[in-house]
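Enquirer: A single structure is presented below for examination.
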């Protein structure tokens, strides 16, 4: 693959010409980014209100509000820059993968100490990100081991504190995105993006990083190796949302890719076909938490899904990036 | 359209060509880069041999004095090694190898006794409390392992990454660190691990049990560190594979320098190593947690990034190594961008220096991580923000030098290019 990319680099006069970035920057910002954060703020508001009336982990109403809010986050979580990154907000919404089991440890410690941070949203926001966000709430709602710890009143206070914190966080992102948006649509000396190219690079990076995360982390972690599959490492497996996250992220990324490739109909069509295949494979998979990756047939299907995402990545890096004259630069998944 | 683009592109290139008349050649820049790598790895080897001598003295005659001397030698050995980390990302030969030396974080219960608060086997790792020092025989993936002799081969071929789990770190600096310091049980209070020298006393007076096996382990891990560093130093010598890989494609070689700088700055150091610990408020989530040496670990990582850009490194015996640099190349095309890069690297070093000097004055890195500790948070975020900010300028240099269609990838994809698209 590296040699292929290099080869492309020699053929294409990358970045040497100016493209008018303004229409695409405006479209992605106004039509893709801002509505997602508005939707997230709405859904988390419902969650925070619901949990005040009903903090019973098994409650259908609570679980439905949780699910809708988590859906909204997954559909926005690839936009992990600017106001989403400020104050560690993205991490605080969903701390995953949790390779050292920080989330259960942190929650158990809160329960054991009856940590009073649950009484104040400002204080809870200062606690470890591992005890905040949707995956901490998932443990409280779906993990039987959590339901056995401490007393019901404290657990209820903790559930409310986590939901309130999520809502607070979503509101802050939504508000800040409104004021941050001009930085993307009007890059220049007053913006962190010095040029339209730099703003475009940020958006393109969000697309490629989102694809990388879904393929290598959301699918790669439970797949493990053929000899040693790791179904227990699937994202949000306790609420059986693992596959759903793959599907939602692909739908969101597909929308973004279509907007980024708007001026290049052939590439847009290639991307659309590849996304349609991946989304179709996700939707026809009957394995919500990737529990079947340790069976030969189950594994083949998840691998096929993963390969269809690799295909999208290939089109993005070989066709879209060079044609737009931008590269993905560095992302947070660099490193080990 | 394409024709027009090509024409403009050719024009831009020819203008750039005129401007870079005084620029150093890529070959010269790569030669300096490789010379500095060779010097850094050789310095790491020299320092590791001093560590080995100190470890041998500790095992021969355990005392507070010999234990402290071994600890001091370990801290000194980290100074040149951390400066090599900028070579990881971008040079597959380094990245494929470094996990044997510097893997982190680790489930140290694999190696030796741990406190009850550490917990038992986890969802992620069945071997989190294997304790090979106490167990001459154990089951691993359905096989009985004979660990009656703790040898370098047992550590590198069987125990390291046992069960395919990265947290099973059996070799390298952090395994040795754990054997010299033990767990840091001070939480957010001051103080590092406090392993007594009596953990190495043979016979009566042995604490922690199995002192002979602990000494065997420490000795084997130190031997491995040396053989691994010898191998890497040879790769950077004249005629070595690491140099050959860079020379094979000079443009890709220059890109490798920038990839190393950017990936270490952003995803690795600013993200995984610094910001995550702060967000988790976890005192163990620091790079050199047993020794409380994290402030140095971060500082010398940052220094390595800076000296690679400037093409100038000072060896541990004071000898300078310098030559044509990436900075010279950028100056020839866009002096203001070079000034921006230098200023940002310097401001990162100032921020990392603030962490280091504050830690040395007694405010330990694990205290800085404590929930609600605003001074600590400001110090660490100063370093994180500097590293993120310098990554932006590294990207601008990539664009300036027209290296921007060469894929940047993290370590996983460098290990195994097929993992990206297969």
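Enquirer: Would you point out which residue out of A:163, A:145 is free of Cβ contacts under 8 Å to residues at least 60 places away in the same chain and either part of a helix (DSSP H, G or I) or buried (at least 24 other Cβ atoms within 10 Å of the Cβ) (or both)?
Expert: A:145
Condition check ((1) assigned by TED's automatic domain parsing to the domain that holds residue A:237; (2) within 29 Å of residue A:250 (Cα to Cα); (3) at pLDDT below 95; (4) not in a helix (DSSP H, G or I)) across all residues:
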{"site": "A:45", "(1), (2), (3), (4)": "no, yes, no, no"}
{"site": "A:49", "(1), (2), (3), (4)": "no, no, no, no"}
{"site": "A:52", "(1), (2), (3), (4)": "no, no, no, no"}
{"site": "A:112", "(1), (2), (3), (4)": "no, no, yes, no"}
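Enquirer: Taking residue A:235 and the conditions (1) under 14 Å from residue A:214 (Cα atoms); (2) in a loop (DSSP other than H, G, I, E, B); (3) within 11 Å of chain B (Cβ to nearest Cβ), which numbered condition does it fall short on, given that it satisfies the others?
Expert: Tallying (1) under 14 Å from residue A:214 (Cα atoms); (2) in a loop (DSSP other than H, G, I, E, B); (3) within 11 Å of chain B (Cβ to nearest Cβ), residue A:235 fails exactly one: (3).
Enquirer: Of the residues A:153, A:181, only one is surrounded by fewer than 21 Cβ atoms within 10 Å (Cβ to Cβ), in the same structural domain as residue A:36 (by TED's automatic domain parsing) and out of contact with any helix residue (DSSP H, G or I) (no Cβ under 7 Å at 6 or more places or on another chain); which? Please lay out each step first, then the result.
Expert: Working: A:181 fails: out of contact with any helix residue (DSSP H, G or I) (no Cβ under 7 Å at 6 or more places or on another chain).
Testing whether each residue is surrounded by fewer than 21 Cβ atoms within 10 Å (Cβ to Cβ), in the same structural domain as residue A:36 (by TED's automatic domain parsing) and out of contact with any helix residue (DSSP H, G or I) (no Cβ under 7 Å at 6 or more places or on another chain) leaves just A:153.
Enquirer: Quick check, is residue B:227 over 28 Å from residue B:50 (Cα atoms), under 24 Å from the mean Cα position of the chain (by Cα) and not in a loop (DSSP other than H, G, I, E, B)?
Expert: Values: over 28 Å from residue B:50 (Cα atoms): no; under 24 Å from the mean Cα position of the chain (by Cα): yes; not in a loop (DSSP other than H, G, I, E, B): yes.
Spelling it out, it is not the case that residue B:227 is over 28 Å from residue B:50 (Cα atoms), under 24 Å from the mean Cα position of the chain (by Cα) and not in a loop (DSSP other than H, G, I, E, B).
Enquirer: So, in region B:78-106, of the ones that are surrounded by fewer than 24 Cβ atoms within 10 Å (Cβ to Cβ) and outside any helix (DSSP H, G or I), which residue ends up farthest from the chain's Cα centre (by Cα)?
Expert: Here the residue is B:106.
Enquirer: Okay, next question. Hey, does region B:242-251 have a residue that's crowded, with 24+ Cβ neighbours inside 10 Å and closer than 22 Å to residue B:93 by Cβ? Please lay out each step first, then the result.
Expert: Let us first name the residues in region B:242-251 that are crowded, with 24+ Cβ neighbours inside 10 Å, namely B:246.
Those left that are additionally closer than 22 Å to residue B:93 by Cβ: B:246.
Yes, some residue in region B:242-251 is crowded, with 24+ Cβ neighbours inside 10 Å and closer than 22 Å to residue B:93 by Cβ.
Enquirer: If residue A:295 satisfies every condition in (1) more than 14 Å from chain B (Cβ to nearest Cβ); (2) without any contact (Cβ under 8 Å) to a residue 40 or more places away in the chain; (3) within 30 Å of residue A:20 (Cα to Cα) but one, which is the exception?
Expert: Among (1) more than 14 Å from chain B (Cβ to nearest Cβ); (2) without any contact (Cβ under 8 Å) to a residue 40 or more places away in the chain; (3) within 30 Å of residue A:20 (Cα to Cα), residue A:295 violates only (3).
Enquirer: OK, next. Condition first: modelled with pLDDT of 95 or more and under 14 Å from residue B:107 (Cα atoms). Now tell me which residues in region B:134-167 satisfy that.
Expert: B:159, B:160
Enquirer: Conditions: (1) without any contact (Cβ under 8 Å) to a residue 40 or more places away in the chain; (2) crowded, with 20+ Cβ neighbours inside 10 Å; (3) assigned to a helix (DSSP H, G or I). Residue A:127 meets all but one. Number of the miss?
Expert: Going through the list (1) without any contact (Cβ under 8 Å) to a residue 40 or more places away in the chain; (2) crowded, with 20+ Cβ neighbours inside 10 Å; (3) assigned to a helix (DSSP H, G or I), residue A:127 breaks only (3).
Enquirer: I've got another one for you. In region A:248-256, is there at least one residue being touching a residue at least 24 places away in the same chain (Cβ under 8 Å) and within 14 Å of chain B (Cβ to nearest Cβ)?
Expert: Of all residues in region A:248-256, those touching a residue at least 24 places away in the same chain (Cβ under 8 Å) come to A:248-256.
With the extra rule that they be within 14 Å of chain B (Cβ to nearest Cβ), the set shrinks to none.
The answer is no, given that none of the residues of region A:248-256 is touching a residue at least 24 places away in the same chain (Cβ under 8 Å) and within 14 Å of chain B (Cβ to nearest Cβ).
Enquirer: Across region B:390-414, what is the total count of residues that are modelled with pLDDT of 95 or more and more than 9 Å from chain A (Cβ to nearest Cβ)?
Expert: So the answer is 3.
Enquirer: What is the residue count in region B:236-252 for residues that are in a helix (DSSP H, G or I) and either within 14 Å of chain A (Cβ to nearest Cβ) or in contact (Cβ under 8 Å) with a residue 12 or more places away in the chain (or both)? Working first, answer last.
Expert: Going residue by residue through region B:236-252, those that are in a helix (DSSP H, G or I) are B:236, B:241-248, B:250-252.
Next, only the ones that are either within 14 Å of chain A (Cβ to nearest Cβ) or in contact (Cβ under 8 Å) with a residue 12 or more places away in the chain (or both) stay: B:236, B:241-243, B:245-248, B:250-252.
Within region B:236-252, residues that are in a helix (DSSP H, G or I) and either within 14 Å of chain A (Cβ to nearest Cβ) or in contact (Cβ under 8 Å) with a residue 12 or more places away in the chain (or both) number 11.
Enquirer: What do you reckon, is residue B:31 at pLDDT 95 or above, part of a helix (DSSP H, G or I) and in contact with a helix residue (DSSP H, G or I) (Cβ under 6 Å, 6 or more places away or on another chain)?
Expert: Values: at pLDDT 95 or above: yes; part of a helix (DSSP H, G or I): yes; in contact with a helix residue (DSSP H, G or I) (Cβ under 6 Å, 6 or more places away or on another chain): no.
When the stated conditions are applied, residue B:31 does not pass them.
Residues are listed down the side, and each one gets a yes or a no for (1) under 26 Å from residue B:44 (Cα atoms); (2) within 14 Å of another protein chain (Cβ to nearest Cβ); (3) touching a helix residue (DSSP H, G or I) at 6+ places or on another chain (Cβ under 7 Å):
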| site | (1), (2), (3) |
| --- | --- |
| B:299 | yes, no, yes |
| B:337 | no, yes, yes |
| B:349 | yes, no, yes |
| B:372 | no, yes, no |
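Enquirer: Which residues, taken from region A:284-309, are closer than 27 Å to residue A:91 by Cα and surrounded by fewer than 22 Cβ atoms within 10 Å (Cβ to Cβ)?
Expert: Residues satisfying the conditions are A:287, A:288, A:289, A:291, A:306.
Enquirer: Sticking with this structure for a sec: Looking only at region B:160-192, count how many residues are surrounded by fewer than 20 Cβ atoms within 10 Å (Cβ to Cβ), farther than 18 Å from residue B:96 by Cα and touching a residue at least 60 places away in the same chain (Cβ under 8 Å). Spell out how you get there, then give the answer.
Expert: Going through region B:160-192, the residues surrounded by fewer than 20 Cβ atoms within 10 Å (Cβ to Cβ) turn out to be B:161, B:163-166, B:185-191.
Next, only the ones that are farther than 18 Å from residue B:96 by Cα stay: B:163, B:185-191.
Checking the rest, the ones that are also touching a residue at least 60 places away in the same chain (Cβ under 8 Å) come to B:185-191.
Result for region B:160-192: 7.
Enquirer: Considering only region A:216-242, state which residues are within 13 Å of residue A:309 (Cβ to Cβ) and within 16 Å of the chain's Cα centre (by Cα). Full working, then the answer.
Expert: Let us first name the residues in region A:216-242 that are within 13 Å of residue A:309 (Cβ to Cβ), namely A:216-220, A:223.
Scanning region A:216-242 gives A:216, A:217, A:218, A:219, A:220.
Enquirer: Go through (1) within 28 Å of residue A:180 (Cα to Cα); (2) free of Cβ contacts under 8 Å to residues at least 12 places away in the same chain for residue A:79 and report which single condition fails.
Expert: The one condition residue A:79 does not meet is (2).
Enquirer: Return the only residue of B:288, B:334 being out of contact with any strand residue (DSSP E or B) (no Cβ under 6 Å at 6 or more places or on another chain), modelled with pLDDT under 95 and closer than 29 Å to residue B:258 by Cβ. If you could, list the steps in order and put the result at the bottom.
Expert: Values: B:334 fails: modelled with pLDDT under 95.
One residue alone meets the criteria, B:288.
Enquirer: Report the residue count in region B:257-273 for those that are more than 7 Å from every other protein chain (Cβ to nearest Cβ) and either closer than 16 Å to residue B:386 by Cβ or surrounded by 24 or more Cβ atoms within 10 Å (Cβ to Cβ) (or both).
Expert: The first filter runs over region B:257-273 and keeps only residues more than 7 Å from every other protein chain (Cβ to nearest Cβ), leaving B:257-261, B:264-265, B:269-270, B:273.
Within this subset, residues satisfying the condition of being either closer than 16 Å to residue B:386 by Cβ or surrounded by 24 or more Cβ atoms within 10 Å (Cβ to Cβ) (or both) are B:257, B:259-261, B:264-265, B:269-270, B:273.
The number of residues fulfilling the criteria is 9.
Enquirer: Would you point out which residue out of B:68, B:131, B:135 is within 30 Å of residue A:108 (Cα to Cα), surrounded by fewer than 19 Cβ atoms within 10 Å (Cβ to Cβ) and away from chain A (no Cβ under 14 Å)? Give the derivation first.
Expert: Values: B:68 fails: within 30 Å of residue A:108 (Cα to Cα); B:135 fails: within 30 Å of residue A:108 (Cα to Cα).
One residue alone meets the criteria, B:131.
Enquirer: Kindly provide the set of residues from region A:207-232 that are at the interface with chain B (Cβ under 10 Å from one of its Cβ atoms) and without any contact (Cβ under 8 Å) to a residue 40 or more places away in the chain, ordered by number.
Expert: A:225, A:227, A:228, A:232
The values are calculated or read from the model by the stated rules, or taken from the named source; none is laboratory data. Since this is a predicted model, take the numbers as computed values, not measurements. Glycine gets a Cβ as well: all are built from the backbone with ideal geometry, and neighbour counts include every protein chain shown.
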